[in-house]
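Here, each number is a calculation from the coordinates, and none is a lab measurement. Only a predicted model underlies this, so the values are computations on that prediction, with no experimental measurement involved. With ideal geometry, Cβ positions are generated from the backbone for all residues, glycine too; neighbour counts draw on all protein chains shown.
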Amino acid sequence: MSGVLLRRLLLLIPTLFGVLVLTFVLLYVAPGDPVQAMVGERADAETIARLRAELHLDAPLLEQFTRYVGGILQGDLGVSYITRRPIAQDLAERFPATLVLALAAMSVAVLVGVTVGTFGAWRPGSALDRALTLGAYLGVAFPVYWVGLLLILVFAVQLRWFPPSGNGGLLYLVLPAVTLGMRSVAVLARMTRASVQEALASDFVRTARAKGLSERQVVLGHALRAALIPVITVIGLDFGSYLTGSILTETIFSWPGVGRYVLTAIEKRDLPAVQGSILVLSLVFVLVNLLTDLLYTKADPRASAS
C-alpha cells in the first residue's frame, strides 16, 4: 500500500506542472485584454500602460511564467485582478459551498443509482426494470442546464416547493443537488446493474443459495457487496468532477461556489484567478482519484497485487 501511495504522489508533480504550463499558455494566447477588461473601454493609453507594468504583463512570456511558478512554489497563487484579494483566500471562502453541493449531489446519486441498479439486476426484464433503465438512459442524455431549468420551472416557479436559486439553507440545496447528481444516477444505475448481475452468476452466490439464505440476503449481503468494488471507481471519478466541474449548476442556481468564481474570472479575463483556480481544482481532482484508487485497492486485494 505504501509503495502504491508513493508512486501516485510522485506522479502528481508532472501532472500538476503540465496543467500549470497548459493553462498559462492557453490563457496567454486567448483573445481579450485583461487590462482593458479592468479599466473599461474609455481608459487612456497611459493608464493601460501603467497597469500593464504593475501587473508585469508587459514582460516576456518566459519571464511571466517564471515569476508565476516562483510564486506557486512559495504557496502564493497571486492576487485577483477583480477582487484585489489573494486568490487563495477567495477559493478558501468559496470551496466549502462547492464541497457541500458535491456531497449532497453524490449522496443523491449513490442512494438512487445503487438502489435502481440493484433492483434491476434482481428483477431483470420486469416492467419496472425497463422503466428504470429508460430513466437511466434519459438521465445521461439530458444536459445539466436543461435539467436545472426544468426543475426550477416545475418545483420553484409552479409548485413553489423550493427556492429557485441562492444559498440560504437546506431547501436551497435540493434542486442543485438533484440537478448535479442526475447524470451520476444514470451511470451508477447501469454500472451497479451490470456488476450485480455478474455477481449473481458467480460461484459464491450459488453457494450462499445452497446454504438456504433468502434471495434478499443473497442479493444485498453477498452480490451487492462484491458488485460495489467497481462502482467505487465511478463514485470517486464523479465526486472529483463535482468538486471541479459544477460550473453550470452553480451558475444556474446562483450557488456561491468555486464554479461561479471561475466563470466570473474567465468572463472578466482575471488571469491569475483562472490559473490559480484551475491549478487548485486539478490538485483536488487528482487527490480524490488517488483516494479512490486506495479505497479500491483496500476493497479488492487483487488490485494491490497487480
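Laid out as a table, the results:
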| quantity | calculated |
| --- | --- |
| Ranked Lys211, Lys268, criterion: other C-beta atoms within 10 Å, fewest first | Lys211, Lys268 |
| Per-peptide average of other Cβ atoms within 10 Å, ordering 223-232, 71-80, 246-255 highest first | 246-255, 223-232, 71-80 |
| Full-extension gain in nm, Asp203 to Ala30, via 0.36 nm per residue minus C-alpha separation | 56.5 nm |
| Relative contact order for the chain, counting Cα pairs under 8 Å that sit 6 or more residues apart, in percent | 26 percent |
| Burial ranking of peptide ranges 90-100, 129-139, 13-23, 112-122 (average Cβ count within 10 Å, highest at the top) | 112-122, 90-100, 129-139, 13-23 |
| Exposure proxy ranking, count of Cβ atoms within 10 Å, fewest first, for Leu287, Leu150, Leu10 | Leu10, Leu150, Leu287 |
| Convex hull volume of region 87-305 per residue (C-alpha atoms, cubic angstrom) | 139 Å³ |
| Taking region 56-135 and dividing mean pair separation by its residue count, relative contact order in percent (alpha carbons under 8 Å, at least six apart) | 11 percent |
| At least 20 Å along the helix axis (C-alpha) and Kyte average at least 0.5, DSSP helices within the chain | 2-29, 87-122, 127-141, 170-200, 224-244, 271-299 |
| Extension gain from Arg160 to Arg130, taking 0.36 nm per residue of separation minus the Cα-Cα distance | 7.6 nm |
| Nearest-20 debye value, the chain charge dipole, Cβ charges on Lys, Arg, Asp, Glu | 1240 debye |
| Segment Glu267-Glu54, extension gain: residue separation times 0.36 nm, minus the distance between their alpha carbons | 74.5 nm |
| Net charge dipole size for region 19-112 [Lys, Arg +1 and Asp, Glu -1 on Cβ; Debye, nearest 20] | 240 debye |
| Relative contact order (%) - region 234-295, alpha-carbon pairs under 8 angstrom, separation at least six | 43 percent |
| Val79 long-range amide H proximity, modeled H, under 5 Å | Ile87 |
